[in-house]
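I have placed the structure first, in the form of structure tokens, so that the comments after it can refer back to it.
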Amino acid sequence: MDKLILALGLVFLTGCSQISLPDRTDAQLGKKIDESLRRDFKPVSDAESVTYITRIGERVGKHTEQPDRKFEFVILQSDKINAFASPAGTVYITTELLYNMKGDEIALAGVLGHEMGHIIKRHAAEKLLNRAGFRSLLLFWGGDRFFAGALAQTANDLLSVDYSREMEKESDLCAVRYLISMGVNPADADRFLVRLENMPQMSPPSTRFLDDHPNLELRRANVADYIQQIHSSDRRQRTQ
Amino acid sequence: MSRTRKTQLFCLFSLLLCGSALRAERFVSSDGNLAFDLPSGWRKSAARELKESTIELTGGQARLAAYPVFSLTPGRSLTAQLEADRTLVLNNLQRPSGFKQLSGKNCEYFYFSWQGFSGLNAMGYLNCGGKLFHAVISSAKDFKELSGLVYAARLTARKADPDFSPYKIVTAGPKNSPVTFDINTGEYPKIEASEKALRLTRFDNAEMQIGESEMPLDKFDKHCEDFGRMARLANKWRFCCSSASAKTDCFFTDETRVYYAGAVNVPSERIAVLLASAKVTSIINKNTQNAEPYANLSTKLPLQGNPEERPLSSLPPLAARGMGTPIKLLLGILGLALGTLLLRMLLPEPDNAPFSLDPQSPYPLTIVRKYFSPDLVEEITDSRGTVFTSRSSRKTELIAGMFLLLFIFCALAAILLPLAGLEGARFAGYSALALQLAVLFMLAAALIPKQLFLYNNSQLVAYAVMAPVFAFQKTFTVFTSEGKPVAVIRRPLFRLRRRWIIAGPDGADRLEMYEDLVIKSLLRRVFGQLWGLLRTDYVISDGEAPCGILRQNWALSSSRTLFIGDEPEIDYRVVLLMGLLASRVDPDRWYPWIS
């Protein structure tokens with residue numbers, strides 16, 4: 001009976017994954033992720049670069065579902081191609097990724113829009129609860145033999161911002177929506193994925209931005225489907 | 001002509017002759033860069049026109065060839081170059097010496113030598129006023145002739161010095177934001193570039209090492225105050241240096257990172273010159289290279305307020321995202337659980353006896369679990385309506401479980417409370433204590449021998465006690481209410497099918513009980529009971545043929561029926577105890593907890 005109560009409690013917790021965490025959770029979660037990232041990577045204070053990325057990021061921000069939201073943009077010194085989103089509203093991009101954008105503002109806006117999509121859709125909080133649910137499932141199933149490991153993993157989840165493929169797809173489409181809303185030609189809206197595909201050195205498997213994402217071909221196909229929907233919708237509106 | 005006059009003319013002529021004989025011939029390269037005051041007997045060796053600073057001389061058997069070195073191979077120091085040359089000589093089965101240095105009036109010669117068939121050979125580099133020449137001397141008579149040649153070498157003034165190519169060194173840093181220093185290799189001929197630092201050595205007496213410092217940026221000013229000297233360079237780099245004896249320590253910053261320069265025999269003025277050439281280039285790559293098929297399209301964002309801008313609401317909405325895999329999995333398991341529970345509730349209990357039963361027999365015995373008790377309590381009813389109650393203490397396990405729950409609660413609180421902006425640190429301490437207590441009680445539960453008592457109207461009928469030994473089988477001794485041992489029930493471990501055996505007091509096996517399906521037994525060990533789906537019935541055998549069965553009933557609560565056809569010559573209460581022990585050791589759980 002004791003274990004039954006335990007299991008029910010954990011199932012209840014898992015059920016909470018369908019319920020939104022309060023907004024302040026994002027700030028606290030973001031704070032932890034910010035601390036972790038700033039410990040692992042050194043932020044770049046080069047004024048020209050920071051101004052450049054902030055200018056583009058703020059342009060994208062104005063075309064999101066939350067145009068009044070304040071986003072912060074930070075460049076991290078790293079030779080890995082990567083970008084991160086902290087639920088507190090900070091978007092991180094590595095110097096290597098920025099360099100490999102080769103001055104393509106549209107592609108850079110796409111990458112930033114993708115990360116801002118994660119923030120606006122609150123993927124981090126959802127992922128955290130999903131993970132907690134999965135861990136509780138393990139506990140429920142396997143009992144005390146998985147106990148310590150599952151709890152340790154739940155703690156680690158707080159510092160992890162890797163998202164499910166569904167979430168990545170949603171963020172890709174968010175980025176495309178923001179770009180088109182800014183007036184970018186829909187044909188160019190998947191430019192950031194094309195750039196990633198053509199980057200000379202991709203990140204090693206340990207990095208998150210590319211590793212946890214579905215393959216780029218599939219991502220481009222998803223984006224192409226959505227752009228097709230836009231064209232169809234526009235045609236319908238014109239004929240009406 | 002007077003005698004005096006003749007003497008004067010002889011002396012003058014002799015002086016002229018001697019002068020011409022003593023005056024050394026000077027050979028100057030075609031570009032006027034390198035010159036040799038040739039010793040007696042030496043001359044230009046080739047009739048062909050030699051370009052730039054190339055010089056080829058002969059003196060008897062001896063030869064000298066010098067060629068200008070405009071740049072060392074990037075990444076290779078002079079020492080490394082000499083080492084490479086020496087390896088070539090070694091490969092020609094010669095025995096070269098170690099590296100040596102000869103200092104003439106104008107030039108220094110860094111070389112190695114070896115004795116050949118026709119004389120002394122040397123190969124190395126002449127450093128004349130910071131200019132490098134690869135110089136090979138072959139078949140010299142002796143060391144005196146060799147050193148004489150070095151002594152004779154000199155750098156001549158030139159209108160436009162062909163300086164060595166600047167040696168660009170890049171320190172570690174993010175791509176396109178390197179710190180670059182333009183170093184004149186002539187000035188610092190020995191250069192070793194590594195990923196973390198650059199090292200400049202003017203041969204063996206000057207050295208400079210630059211690397212990223214551990215010093216945080218905000219400590220830079222305070223540190224420089226201690227040094228007492230700080231300078232701001234034209235390129236906005238700031239640095240400060242402190243000299244102690246021949247060692248100079250400098251810290252400098254570009255306002256993003258702090259670098260350290262440790263220098264030996266390099267004046268701080270030279271360090272300032274070096275730092276003045278440092279610059280950080282932009283992280284933004286301006287070198288736009290469009291990826292196909294966008295080569296001809298703009299990479300710039302459209303201007304703000306352009307006519308193509310449109311509200312997000314005009315775009316098709318995003319499809320609702322499906323549930324995450326863990327949720328799907330969880331829902332699947334919950335559905336399975338509910339289905340199984342419904343099955344257990346709705347399926348009728350089979351009432352047919354698998355064996356013909358003697359009407360006088362106490363069988364079948366129905367065993368029903370009674371919940372909401374700290375002990376494991378089961379009620380047994382025989383065919384005559386006699387009701388027995390079995391009781392087995394499990395308080396230790398309950399306390400262990402309670403602490404386990406407390407541990408989960410505290411650990412989750414310690415993790416989740418900070419997310420809500422609340423203090424959760426103290427729960428981490430509580431969870432650690434709760435875990436320790438849970439482990440303690442789990443150990444105690446494992447060590448305390450299990451006991452099972454059988455009562456009839458609160459009167460003790462019989463009881464079984466597990467032997468407190470660790471072996472490859474669990475052994476329970478069955479006692480009467482007076483404490484007389486009547487049987488031994490044992491369960492061998494590590495069997496594909498769970499098996500229980502009853503032996504008499506003499507040790508001879510009387511009856512055995514084993515699971516009816518191996519596959520269910522194996523699956524249960526992986527997937528747990530699956531709410532009773534993977535429960536097994538037990539077949540009871542007297543050693544020759546099945547004579548009974550312990551059947552798991554389809555019911556919401558744990559319920560079993562014990563049938564014995566041909567009643568064995570063994571007290572039915574002992575058989576009952578075996579069935580109860582099976583339930584005690586391997587209880588029926590309707591949640592998937594792996595036992």
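How high is the relative contact order of the range B:405-448? Use alpha-carbon pairs under 8 Å, at least six apart in sequence, and give a whole percent. Working shown, then result.
Numbers: 29 pairs, mean separation 17.3, N = 44.
Contact order relative to length: 39 percent.
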Problem set entry | Estimated FRET transfer efficiency (B:Lys370, B:Asn456; beta-carbon r; R0 22 Å; 0.05) | 0.90
Exercise. Going highest first, how would you order B:89-99, A:175-185, B:577-587, B:430-440 by mean Cβ packing within 10 Å?
Worked result: A:175-185, B:577-587, B:430-440, B:89-99
Problem set entry | Under the Karplus curve 6.51 cos²θ - 1.76 cosθ + 1.60, θ = phi - 60°, whole-Hz ³J(HN,Hα) for the range B:439-447, x wherever Gly or Pro sits | 5, 4, 6, 5, 5, 4, 4, 6, 8
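Taking R0 as 30 Å, what FRET efficiency do you get between B:Leu422 and A:Arg39 from their Cβ-Cβ distance, rounded to the nearest 0.05?
Numbers: r = 24 Å, r/R0 = 0.79.
The calculated FRET efficiency here is 0.80.
Let me confirm one metric for peptide B:394-402, namely the mean number of other chain beta-carbon atoms within 10 Å of its residues' beta-carbons.
Working: counts 1, 0, 0, 1, 2, 1, 2, 6, 2.
Per residue, the number of nearby Cβ atoms from other chains is 2 on average.
Provide a whole-number value for the mean count of partner chain Cβ atoms within 10 Å of the Cβ atoms in peptide B:432-439. Please list the in-between numbers first.
Details: counts 0, 0, 0, 3, 0, 0, 2, 1.
Counting Cβ atoms of other protein chains within 10 Å of each residue's Cβ and averaging gives 1.
Only the coordinates and a few stated rules stand behind these numbers; no lab work does. Given the structure is predicted, the values throughout are model-derived calculations rather than measurements. All Cβ positions, glycine included, derive from the backbone under ideal geometry; neighbour counts span all protein chains shown.
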